[in-house]
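Here is the structure we will look at.
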Amino acid sequence: MDLGTIIGIVLSFGLVLSAIMTGSSLIIFISVPSLLIVVGGTIGAGLVNYPISYVIGVIGVIKNTFFSSLEAPAEVIERFKDYANRARREGILSLEPLIKEIDDDYMRKGLQLTVDGLEPQTIQEILETEISYLAERHATGADVVAALGTLAPAMGMIGTVIGLVQMLQTMSDPSSIGPAMAVALLTTLYGAIIANLILNPMAGKLKARSKEEVLLREMIMEGILSISKGENPRIIEEKLNSYLPPKDRIISD
């Protein structure tokens, strides 16, 4: 669970709602027509801009801002120290029984290629291709969320224009001016909130999460290649530590 995302959403919405309720009732800021214009228009424009599978997939992509399944880098280093020691003592084939216990598909695939006896260069090419396409998929997901974040304020402006047109057409009836103006202003508010408190920050979180996963995959690839070359476990540890900030590095006795 990513506490940063949850705390950020609760804090931002909490402060906005608190500011609203200190000056007026929350009910006057609820407008179904405004919500339909912004949410419906954003989703519709997104379907025009991207294939339908991309837009539907946004639900799963956004879920990644709340949850992370990445293994801690320190744990990865400890794993590879153990694998390297075992490979030096008992041979590379001794790792085969351990492969089935690995949850990470990328690590499992890399070690299986190593156990199968492929050349380090071939293993590197395969694993680098995996990283490349992973980064591309993540970039696409973040781009879709960012595009929706760009469209939401535009839908808000469209709603504002609609409300103003309705207001101008009923200027002779003062009682209708208020509701029309409310639709005009609330659509802009909804578009700004959806874009700047939800979608755009989530797009930024997805890009940051993608960089973290790519870095972790590169670390795993380095460990796998080092084992395939039969390098000393101490050297492997030093190589993998170089991927971490100095304060997070593991110092063995």
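The values are calculated or read from the model by the stated rules, or taken from the named source; none is laboratory data. Note that the coordinates shown come from a computational prediction; the quantities given were computed from them, not determined experimentally. Glycine also receives a Cβ, built like all others from the backbone with ideal geometry; neighbour counts cover every protein chain displayed. When the accessible area is computed, the model is the full protein with side chains, heavy atoms only, and any ligands, DNA or RNA have been set aside. Shrake-Rupley method; radii C 1.70, N 1.55, O 1.52, S 1.80 Å.
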E78, sole failed condition from (1) in contact with a Ser or Thr (Cβ under 9 Å, 6 or more places away or on another chain); (2) open to solvent by 50 Å² or more (accessible area, probe 1.4 Å); (3) among the charged types (D, E, K, R); (4) touching a residue at least 24 places away in the same chain (Cβ under 8 Å)
(1)
How many of the residues making up region 75-104 are farther than 22 Å from L134 by Cβ and under 24 Å from the mean Cα position of the chain (by Cα)?
0
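Can you name the residue in region 90-99 that is more than 23 Å from E213 (Cβ to Cβ) and in contact with a helix residue (DSSP H, G or I) (Cβ under 9 Å, 6 or more places away or on another chain) and is also least open to solvent (accessible area, probe 1.4 Å) among such residues?
The first filter runs over region 90-99 and keeps only residues more than 23 Å from E213 (Cβ to Cβ), leaving 90-97.
Retained after the next criterion (residues that are in contact with a helix residue (DSSP H, G or I) (Cβ under 9 Å, 6 or more places away or on another chain)): 92-96.
On the way: I92: 53, L93: 114, S94: 21, L95: 4, E96: 86 Å².
So, considering only residues that are more than 23 Å from E213 (Cβ to Cβ) and in contact with a helix residue (DSSP H, G or I) (Cβ under 9 Å, 6 or more places away or on another chain), the one least open to solvent (accessible area, probe 1.4 Å) is L95.
I need a count of the residues in region 223-243 that are open to solvent by less than 30 Å² (accessible area, probe 1.4 Å) and not hydroxyl-bearing (S, T, Y). First the steps, then the outcome.
Just the residues of region 223-243 that are open to solvent by less than 30 Å² (accessible area, probe 1.4 Å), to begin with: 223-227, 233, 236-237, 240-241.
Going one step further and asking which of them are not hydroxyl-bearing (S, T, Y), we end up with 223-225, 227, 233, 236-237, 240-241.
Number satisfying all stated conditions: 9.
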Can you say whether A84 is modelled with pLDDT of 90 or more, over 30 Å from V38 (Cα atoms) and not polar (S, T, N, Q), as far as the supplied structure shows?
yes
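So that you can scan it fast, the table gives a plain yes or no per residue for (1) under 25 Å from G191 (Cβ atoms); (2) in contact with a Pro (Cβ under 7 Å, 6 or more places away or on another chain); (3) buried (at least 18 other Cβ atoms within 10 Å of the Cβ):
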position: E101; (1), (2), (3): no, no, no
position: D105; (1), (2), (3): no, no, no
position: G141; (1), (2), (3): yes, no, yes
position: G156; (1), (2), (3): yes, no, yes
position: L168; (1), (2), (3): yes, no, no
When region 50-65 is checked residue by residue, the ones that are of a type outside the set (V, I, T) and surrounded by 15 or more Cβ atoms within 10 Å (Cβ to Cβ) are Y50, Y54, G57, N64
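Regarding L127, is this residue in contact with an Asp or Glu (Cβ under 7 Å, 6 or more places away or on another chain) and more than 30 Å from A184 (Cβ to Cβ)?
Numbers: in contact with an Asp or Glu (Cβ under 7 Å, 6 or more places away or on another chain): no; more than 30 Å from A184 (Cβ to Cβ): yes.
Spelling it out, it is not the case that L127 is in contact with an Asp or Glu (Cβ under 7 Å, 6 or more places away or on another chain) and more than 30 Å from A184 (Cβ to Cβ).
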Condition (residue is open to solvent by 10 Å² or more (accessible area, probe 1.4 Å), under 20 Å from Y83 (Cα atoms) and either touching a strand residue (DSSP E or B) at 6+ places or on another chain (Cβ under 9 Å) or among the charged types (D, E, K, R) (or both)) applied to region 110-130: is it met by at least one residue?
yes
Looking at region 170-191, which of its residues are without any contact (Cβ under 8 Å) to a residue 60 or more places away in the chain and surrounded by 15 or more Cβ atoms within 10 Å (Cβ to Cβ)?
I177, P179, A180, M181, A184, L185, T188
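Tell me, which helices (runs of 4 or more DSSP H) lie completely within region 47-107 with 3 or more residues that are farther than 17 Å from H138 by Cα?
On the way: elements: 52-63, 73-90, 96-99.
So the answer is 73-90, 96-99.
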